[in-house]
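Worksheet for the structure shown next.
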Amino acid sequence: MAWLALVLSGLFEAVWAAALSASRGLSRLGPSVVFGVALVISMGGLGFALRSVPVGTGYAVWVGIGAITTALYGMVALHEPASVGRIVCLVLIVAGVVGLKVFQ
């Protein structure tokens, strides 16, 4: 259950990051509200997961999932560059996250 919470909270990290960007520095109400709600859910899930997942592993997995999801969102929805180098780096992050779980 902790790992499921960790993965979901990592996904909500991407939601709050995208909403923060869309809020234009918290100056737009709708995205600012989404940012706040997603932030609370993300941190709550991380806190729950860290009850049983080691902090170093849990935090790295949470950040990795959030970073990968946010980067993919940027590439797909915001038309940010999707170069081979960026994709290779994202694959390396995935490998690192999987490695942290495997070698826990």
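Bear in mind that the values in this text are calculations on the coordinates, not laboratory data. Nothing here was measured: the structure is a model prediction, and the numbers come from that model. When we count neighbours, we look across all protein chains shown, and the Cβ atoms used for this are built from the backbone with ideal geometry, even at glycine.
Okay, helix-only estimate at 222 nm for the chain: each DSSP H run of n ≥ 4 adds -39500 (n - 2.57), divide by all residues, round to 500 deg cm²/dmol; what do you get?
Details: 4 runs with 84 residues, N = 104.
When only DSSP H runs of four or more count, the value is -28000 deg cm²/dmol.
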Legend entry - Estimated vicinal HN-Hα couplings, Hz - region 49-55 in sequence order (Karplus 6.51, -1.76, 1.60; Gly, Pro = x): 4, 6, 5, 10, 9, x, 4
Inset, instruction - With θ set to phi - 60°, apply the Karplus curve 6.51 cos²θ - 1.76 cosθ + 1.60 along region 28-39 and write out the HN-Hα couplings as whole Hz, x wherever there is a Gly or Pro. - result: 10, 4, x, x, 5, 5, 4, 4, x, 5, 5, 4
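With loop defined by DSSP as not H, G, I, E or B, and exposure as at most 11 other Cβ atoms within 10 Å, which is the longest segment of the chain clear of exposed trypsin sites (Lys or Arg not before Pro)?
Working: sites that count: ARG24, ARG51.
Of all site-free stretches, the longest is 52-104.
Determine the relative contact order of region 2-102: mean sequence separation of Cα pairs under 8 Å and six or more apart, normalised by residue count, in whole percent.
Numbers: 107 pairs, mean separation 33.4, N = 101.
Here the relative contact order equals 33 percent.
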Inset, instruction - Quick one: check the C-alpha center-to-center distance for region 1-59 versus region 72-94, whole angstrom. - result: 20 Å
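Report the percentage of all Cα-Cα pairs in region 2-102 whose separation exceeds 23 Å, rounded to a whole percent. Don't skip to the answer; put the middle values down first.
Values: 1523 of 5050 pairs.
Distances greater than 23 Å cover 30 percent of the Cα pairs.
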Legend entry - Label point distance in nm, VAL40-GLN104, each placed 7 Å from Cα along Cα→Cβ: 2.8 nm
Legend entry - Sorted by Cβ density within 10 Å, fewest first, the residues ILE87, ILE68: ILE87, ILE68
